[in-house]
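Please treat every number below as a calculation from the coordinates, not as lab data. Just so we're clear, the structure is a prediction, and the values are computed from it rather than from any experiment. All Cβ positions, even for glycine, are placed from backbone atoms using ideal geometry, and neighbour counts span all protein chains on display.
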Amino acid sequence: MIDFENSEFLKLRAVDPSSFSAALNPLLIPGEEIVAGFKTVRDGVVFTNKRVIAINVQGITGKKVDYTSLPYKKIQSYSVETAGMFDLDGELELWFSSVGRVRFEFSSGSDLLQICALISEQVL
């Protein structure tokens, strides 16, 4: 599992959600769909209609990959900070029972309010 206490995903940028399909389809349950996808150089975060999947590519070759599944039903609260005039990045913090705080930083242009609406639909 990704060590969320000592590691942060930095500057995630929006990508076509279908770009994750080949890697994630074996992990998805019937009826689960990828809603949004974000990527750094190697790592990524995918929001489905059921959970958040954090993808951590490891090693020099990148053949070893860690997938961490974070179900929406375990979210206790969340906080979003949208991009501003001088701070162009946005941040999303999620607090999960038994995992703690998970923080993602997004580059400008990411629709964090859409992600918050998705999370709200699942946890409220």
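Results, tabulated for the structure shown:
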| read-out | value |
| --- | --- |
| CD proxy at 222 nm, helix term only [per DSSP H run n ≥ 4: -39500 (n - 2.57); per residue of the chain; nearest 500] | -3500 deg cm²/dmol |
| Gln58-Val35 pseudo-label distance in nm [points 7 Å out on the Cα-to-Cβ vector] | 2.9 nm |
| ³J(HN,Hα) computed for each position of region 103-115 - Karplus, 6.51 cos²θ - 1.76 cosθ + 1.60, integer Hz, glycine/proline x | 10, 10, 10, 10, 6, 4, x, 7, 8, 5, 5, 5, 5 |
| For region 42-109: relative contact order, % (alpha-carbon pairs under 8 angstrom, 6 or more apart) | 20 percent |
| Gain on full stretching of the segment that runs from Arg42 to Arg13 - 0.36 nm per residue minus C-alpha separation | 9.3 nm |
| Mean separation of Cα contacts under 8 Å (6+ apart) over length of region 9-123, as relative contact order % | 23 percent |
| Segment Thr82-Asn25, length gained on full extension (0.36 nm per residue, minus Cα span) | 17.5 nm |
| Cα-Cα pairs of the chain separated by more than 18 Å (percent) | 50 percent |
| Most mobile listed residue (Ala36, Ala14, Ala22) in the chain, GNM with C-alpha springs under 10 Å | Ala22 |
